[in-house]
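Right, one structure below, let's go through it.
The values are calculated or read from the model by the stated rules, or taken from the named source; none is laboratory data. Computed from a prediction, not measured in an experiment: that's the story for all the values here. Methodologically, a virtual Cβ is constructed for each residue, glycine included, from the backbone with ideal geometry; neighbour enumeration extends over all protein chains shown.
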């Protein structure tokens, strides 16, 4: 009868035959605390030093270690992890070749790995694949065992060489190992794709076609009006989008406190806005694609008790959002009766005319606050037209979308100083 131990909430059966008088074996639970599990069997004695070393590291307070020493320890641990991965892979290769899984009533090494060490199906399959390939790649196996290359490097190399003819694998193996010592797996992967194209161009074409078939893009709206974007882009589309976003993002300004994801989001918004403004998109319902914001004059004037403005797709937005959009937009006035039925429709007019915008561009050259190019800017009313300000060059200024948002939703007022420079002054919302 074998004793049953419960460690980290997992029940397992452990054979303690021949373990009497041996030192206890420690493993780590989810909080990285050492847990006494069972005594070492003679077969596991070589791991004794590893367990003791990890126990010592776990007891050490990393905050007390100088940064220079901590960096050296981290680098050394990564090297040791590669050596451990190499030793695991070497033993998995022997276990697989001798069908050691049969002793555990498993039908394959993958199945045993999934049950014994709880690997996912993909991870177990990849572990066995790499183990089988390393048997015929001595240069790769040697560098891996020395901790000179990591498991992701080895996965990348074996993936391309398992398809290569024997003479190609023999010639390219040492060069790929030498490259793996100097670059990360991503850059190594680019080189291996070049290599694969030299001996299997048809396979590369098939891979590209498969990648394109995976393309998708989902856009969904939450109950609070926030949109969620999720998708997989093919290589060409992803590269084009990345190029466009990088161009629109540019280098961050000194006072730009946005994170990189926020800057990328804003660049994506600018990209969409520029495309809509260009008028090159196909018409929908006889009109150019555009966003529609519907609101009452009371909301635009921020009168007490006024309701929110309605953006396309039925999302209510604040009066400050409305005032920012209305600074430079196509405005159509509709007079309605008390029941909401239209009585008359006025002409659609742009608040800043093309001629006025050209004058603003000639004067301001770009955003008056951060200097972004004029093509990225909106016209901003120093005194909003709904408050009696006129739509003129003297009452206008160019601001980029980020600064425009900060002026309106951030409750700032844009003023021009005597030296003809601009500044933003914090105001409170009117009652």
Q) For the stretch 112-205, which fully contained helices (runs of 4 or more DSSP H) count at least 3 residues that are crowded, with 17+ Cβ neighbours inside 10 Å and without any contact (Cβ under 8 Å) to a residue 24 or more places away in the chain? A) none
Q. Within the stretch 358-428, which strands (runs of 3 or more DSSP E) (wholly inside it) include 2 or more residues that are within 33 Å of the chain's Cα centre (by Cα) and surrounded by 12 or more Cβ atoms within 10 Å (Cβ to Cβ)?
A. 377-381, 396-400
Q: For the stretch 21-72, name all the residues that are part of a helix (DSSP H, G or I), surrounded by 13 or more Cβ atoms within 10 Å (Cβ to Cβ) and either modelled with pLDDT under 55 or touching a helix residue (DSSP H, G or I) at 6+ places or on another chain (Cβ under 8 Å) (or both).
A: 70
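Of the residues 145, 164, which single one is at pLDDT 95 or above and in the same structural domain as residue 81 (by TED's automatic domain parsing)?
Values: 164 fails: at pLDDT 95 or above.
Exactly one of 145, 164 is at pLDDT 95 or above and in the same structural domain as residue 81 (by TED's automatic domain parsing), namely 145.
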Q: May I ask you to list pairs of residues, at least six apart or on different chains, whose Cβ atoms are under 7 Å apart, with the first in the stretch 314-325 being part of a loop (DSSP other than H, G, I, E, B) and the second being modelled with pLDDT of 85 or more?
A: 318/308
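Tell me whether the stretch 337-344 contains one or more residues that are in contact (Cβ under 8 Å) with a residue 12 or more places away in the chain and either in contact with a strand residue (DSSP E or B) (Cβ under 8 Å, 6 or more places away or on another chain) or not in a loop (DSSP other than H, G, I, E, B) (or both).
Keep residues of the stretch 337-344 that are in contact (Cβ under 8 Å) with a residue 12 or more places away in the chain, which gives none.
The answer is no; no qualifying residue exists.
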Q.
On the basis of being touching a helix residue (DSSP H, G or I) at 6+ places or on another chain (Cβ under 7 Å), loosely packed, with under 13 Cβ neighbours inside 10 Å and within 23 Å of residue 310 (Cα to Cα), does residue 229 make the cut?
A. no
Q: Kindly indicate whether any position in the stretch 217-224 is more than 20 Å from residue 401 (Cβ to Cβ), surrounded by 11 or more Cβ atoms within 10 Å (Cβ to Cβ) and touching a strand residue (DSSP E or B) at 6+ places or on another chain (Cβ under 6 Å).
A: yes
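Could you run through the stretch 238-261 and say how many residues are in a helix (DSSP H, G or I) and in contact with a helix residue (DSSP H, G or I) (Cβ under 9 Å, 6 or more places away or on another chain)?
Pass one, the stretch 238-261, residues in a helix (DSSP H, G or I): 238-249, 260-261.
When the remaining residues are screened for being in contact with a helix residue (DSSP H, G or I) (Cβ under 9 Å, 6 or more places away or on another chain), the result is 241, 244-249, 260.
Result for the stretch 238-261: 8.
Among the residues of the stretch 301-333, write down those that are loosely packed, with under 11 Cβ neighbours inside 10 Å and modelled with pLDDT under 85. Working first, answer last.
Initially, the stretch 301-333 is screened for residues loosely packed, with under 11 Cβ neighbours inside 10 Å, giving 304-305, 312-314.
Passing the criteria: 312, 313, 314.
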Q | Selection within the stretch 213-233 - farther than 16 Å from residue 268 by Cβ and at pLDDT below 90 | A | 221, 222, 223, 224, 225
(Q) For the stretch 242-254, give me each residue that is surrounded by 14 or more Cβ atoms within 10 Å (Cβ to Cβ) and closer than 25 Å to residue 212 by Cα. (A) 244, 245
